[in-house]
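Before any comments, here is the structure.
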Amino acid sequence: MLNLNIALEPLWHELSECISVTEMHLGQATLNKTLSSSATFGDHSPLPPGTHRLLPFIEAFFVLCEKIQAANTSSVQQDHHATDTTTAGEVKESGAGAGDTHKKLDGSVTFARFAEKHRRLLNAFIRQSPALLEKSLSMMLKAPRLIDFDNKRSYFRSRIRQQHEQHLSGPLRISVRRAYVLEDSYNQLRMRPTQDLRGRLNVQFQGEEGIDAGGLTREWYQILSRVIFDKGALLFTTVGNNATFQPNPNSVYQTEHLSYFRFVGRVVAKALFDGQLLDVYFTRSFYKHILGVKVTYHDIEAVDPDYYKNLKWMLENDVSDIPDLTFSMDPDEEKHILYEKNEVTDYELKPGGRNIRVTEETKHEYVDLVADHILTNAIRPQINSFLDGFNELIPRDLISIFNDKELELLISGLPEIDLEDLKANTEYTGYSGGSSVVQWFWEVVQGFNKEDMARLLQFVTGTSKVPLEGFKALQGISGPQRFQIHKAYGAPERLPSAHTCFNQLDLPEYTSKEQLQERMLLAIHEASEGFGFG
């Protein structure tokens, strides 16, 4: 294999040059895409004519890379002194028979260099044929940072569908009281076997006439997530700017708190499994725990900015003149960091730590131990229980293709509501885009604050979250269903009504913009939850 690769090296160089020329025609978009709104879903520019003629050569290169990796892995298993070479163009530095295969990597076409340099075209091919990522271009999964987020998400959804098809399940029916949604959901779901959780969720709110065709499920996820992350539940606490959550060290005062964390892990995984979005954002460090990525002291910044500055100062300055700095955290320090924990004790970061002074040589170790304690050890039982429930449905190796920012998007959707996108993806029945009532509606909505905009979405669609692809991807009773505005006939003073299963707003023909605004605000504030006949 190594000899074959060396013989083909000129071909790989020519292939790389051809791709570079092709990519010039795709525009000047950066290769290192960030997760901004303009880059979340990659570059959808059409491929230049003839580009697909390059694909068989790329596939051949990837197959050879995979074969060499397999051979090297086998070799390493046989001889632990061998150097593990994992990409085409790399060769072992030791072992019998290497002979002429000894060569420097400088200038060779390795998988890592090739994929990094041509990630744009590779992602374009995957975007057009997602199955490539599961077949001939699967080597890309070994370097997930090179895969655009939309391609990762498509692969994730494909694997979830396969998992569902392999384990066909009947509907997962639950009946909950709106006032006790956490307790009822916990009691009905915590003991259900994993197989049952793969079934289609069907929710009934007791005492309401609604039949769940998708809208009630979306509403259940929204209501349940709000209750789970409410301060009164003691399970999670807000940190930093009070907008992000992580497990609460004080959850020990909640009866069966670890069982509840396992349940929450199941709920978050079920939402991902179902393609539902939750009304919550976690801390960066908690996303890393879900992904199995090691946290660092930089992650403390989102939890406690001032304490992070102190640690950063320590690393950048001489600490030799701080005699009372030891490998321990005093009660006041811990109480401050762990969000008003009531019962605290002096904590040693390592055995005998309160008697070991931090020096210039050991300050990096100290900072690492502090980060581990604050972000991990202090809430380790809660994290483990959450992951026990989460990984029942979502395997670690599948979720780990995302980074922490991408996982946030996957769980919580887009943080902002794009009104122009909503307007562009709205359909009308009984009205037209030029109708006075419709124009008044958009003028009124234009003036909504963030909270009222979320209430409007909750009222009409059953969720305040925006799909990652935007409003064109709103889901209805039988798949994608755009936002609907229907003319409601009858008394013009009636309140607007909604059908969440169809993303449909029934809007009476009001006589003025002021009347429409008053009726609309009343509806979204007083009737955004629940189902009944008015």
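Rg/Rh, computed from the Cα trace of region 441-486 with Rh as the Kirkwood radius, has the value 0.97.
Using the Stokes-Einstein relation with a Kirkwood hydrodynamic radius computed over Cα pairs, the translational diffusion coefficient of region 248-316 at 20 °C and a viscosity of 1.002 mPa s comes to 148 µm²/s. A straight chain from Lys312 to Leu141 at 0.36 nm per residue would run longer than the Cα-Cα distance by 58.1 nm.
Rounded to the nearest 20 debye, the dipole magnitude of region 484-527 is 120 debye, with +1 charges on Lys and Arg beta carbons, -1 on Asp and Glu beta carbons, and the Cα centre as origin.
Counting heavy atoms of the protein chains alone, Arg159 has an accessible area of about 70 Å² for a 1.4 Å probe. In plain terms, the chain from Ala131 to Ala60 could stretch by 23.9 nm, reckoned as 0.36 nm per residue minus the Cα-Cα distance.
For Tyr253 and Gln162, a Förster radius of 30 Å and the Cβ-Cβ distance give a FRET efficiency of 0.10, rounded to the nearest 0.05. Kirkwood hydrodynamic radius of region 429-507, from the reciprocal of the average inverse Cα-Cα distance over all distinct pairs: 13.3 Å. In a DSSP loop and with at most 16 other Cβ atoms within 10 Å, the GluC sites (Glu not before Pro) in region 410-503 are Glu416, Glu469, Glu493. Restricting attention to region 110-249, lysine pairs at least eight places apart or on different chains and with alpha-carbon atoms under 19 angstrom apart total 4. Region 137-269 has equivalent-ellipsoid semi-axes of 28, 23, 14 Å, by the square roots of 5 times the alpha carbon gyration tensor eigenvalues, sorted largest first.
The values are calculated or read from the model by the stated rules, or taken from the named source; none is laboratory data. Predicted model, so just to flag it, every value in this text is computed and none were measured. Heads up, the Cβs are rebuilt from the backbone with ideal geometry, glycines too, and the neighbour counts pull from every protein chain shown. For accessibility, only protein heavy atoms count, side chains too; no ligands or nucleic acids. Shrake-Rupley method; radii C 1.70, N 1.55, O 1.52, S 1.80 Å.
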